[in-house]
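The values are calculated or read from the model by the stated rules, or taken from the named source; none is laboratory data. Keep in mind the model is a prediction, meaning the values are calculated, not measured. Using ideal geometry, Cβ is built from the backbone for each residue, glycine included, and neighbour counts are taken over all protein chains shown.
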Amino acid sequence: MSEDSAIFVIKTTANQERSVAGMLAKVAKKENLDIRALLAPDELKGYVLAESSNSGEVEQAIQTVPHARAVVKGQSSMEEIMHFLTPKPTVTGITEGAIIEVTSGPFKGEKARVKRVDEGHEEITVELFDAVVPIPITIRGDTVRILRKEDE
Amino acid sequence: MVESVCMDCHRLVSGQECPVCGTTNLSNDWSGLLVIVDPEKSEIAKKIGVTIPDKYALKVR
């Protein structure tokens, strides 16, 4: 009979979340520990989430894994981590007419107005303010910062 | 090694095609890692409908 699952949070070295999750899975399999799943969302830097029945198993698993530092006291519930499993499109919140700043790529630092939002491809088409001729350029939705929502 | 992700089942694949779907529809643009160890007991696996223990990406572009 399987016990109820709980979510335990493991503190890791920054940027090692994926390798820690992979290694923990291997350790859990090898040592037959009751770790059911591991989650390393990109939004959660420096932490890995482990689904297990008790914290003792997780504590035991991290002992031999480099970059896994400690298990955070207490536990979390499934409901609290549900939003990580269904990530929102990166263009959510960007509307046509909004003023954005490009945060990476060749146009980094440039301000622009959003002309079109493509939710499916997670891309937005913008027109740069500083361009002499308004040329629409299409960029990824996660490489921008919203400065002003919609032009009133 | 850079791993790619099957666009259909979100599984991390190291070769040129997905061993489960058999598709070559792979992507290198993915984020969020989910490792399913015990799909029978795991609530997360049930929620996303995974039955095979493997590594999965949360988001694929």
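Considering (1) at the interface with chain B (Cβ under 8 Å from one of its Cβ atoms); (2) part of a loop (DSSP other than H, G, I, E, B), the lone condition that residue A:29 does not fulfil carries the number (2).
State yes or no: is residue A:65 in contact (Cβ under 8 Å) with a residue 40 or more places away in the chain, more than 10 Å from every other protein chain (Cβ to nearest Cβ), closer than 12 Å to residue A:7 by Cβ and aliphatic (A, V, I, L, M)? When the stated conditions are applied, residue A:65 does not pass them.
Table: residues versus (1) out of contact with any strand residue (DSSP E or B) (no Cβ under 6 Å at 6 or more places or on another chain); (2) within 28 Å of residue A:120 (Cα to Cα); (3) not assigned by the TED database to the domain that holds residue A:126.
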{"residue": "A:42", "(1), (2), (3)": "no, yes, yes"}
{"residue": "A:45", "(1), (2), (3)": "yes, yes, yes"}
{"residue": "A:53", "(1), (2), (3)": "yes, no, yes"}
{"residue": "A:56", "(1), (2), (3)": "yes, no, yes"}
{"residue": "A:63", "(1), (2), (3)": "yes, no, yes"}
{"residue": "A:68", "(1), (2), (3)": "no, no, yes"}
{"residue": "A:100", "(1), (2), (3)": "no, yes, no"}
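For the range B:11-61, which residues satisfy the criterion of being outside any loop (DSSP other than H, G, I, E, B), facing another protein chain (nearest Cβ under 7 Å) and over 10 Å from the mean Cα position of the chain (by Cα)? Within the range B:11-61, B:31, B:32, B:43, B:44, B:45, B:47, B:48 qualify.
Output the strands (runs of 3 or more DSSP E) that fall wholly within the range A:78-149 and possess 2 or more residues being exposed (fewer than 15 other Cβ atoms within 10 Å of the Cβ), or say none. First the steps, then the outcome.
Numbers: elements: A:99-102, A:111-118, A:123-128, A:136-140, A:144-148.
Hits in the range A:78-149: A:111-118, A:136-140, A:144-148.
For residue A:77, the criteria (1) touching a helix residue (DSSP H, G or I) at 6+ places or on another chain (Cβ under 8 Å); (2) assigned by the TED database to the domain that holds residue A:59 hold in every case but one, which is (1).
Can you find, within the range A:31-76, the residue that is surrounded by the most Cβ atoms within 10 Å (Cβ to Cβ) among those that are among the hydroxyl-bearing types (Ser, Thr, Tyr) and within 29 Å of residue A:88 (Cα to Cα)?
Taking the range A:31-76 as the starting set, the residues that turn out to be among the hydroxyl-bearing types (Ser, Thr, Tyr) are A:47, A:52-53, A:55, A:64, A:76.
Still in the list and also within 29 Å of residue A:88 (Cα to Cα): A:47, A:52-53, A:76.
Working: A:47: 18, A:52: 28, A:53: 17, A:76: 14.
Among those residues, the one meeting the criterion is A:52.
Checking the conditions here, which among A:77, A:19 is within 14 Å of another protein chain (Cβ to nearest Cβ), under 24 Å from residue B:12 (Cα atoms) and small (Gly, Ala, Ser)?
Numbers: A:77 fails: under 24 Å from residue B:12 (Cα atoms).
That would be A:19, the only listed residue that is within 14 Å of another protein chain (Cβ to nearest Cβ), under 24 Å from residue B:12 (Cα atoms) and small (Gly, Ala, Ser).
Taken as a whole, the condition of being more than 14 Å from every other protein chain (Cβ to nearest Cβ), out of contact with any Asp or Glu (no Cβ under 8 Å at 6 or more places or on another chain), acidic (Asp, Glu) and touching a residue at least 12 places away in the same chain (Cβ under 8 Å) does not apply to residue A:101.
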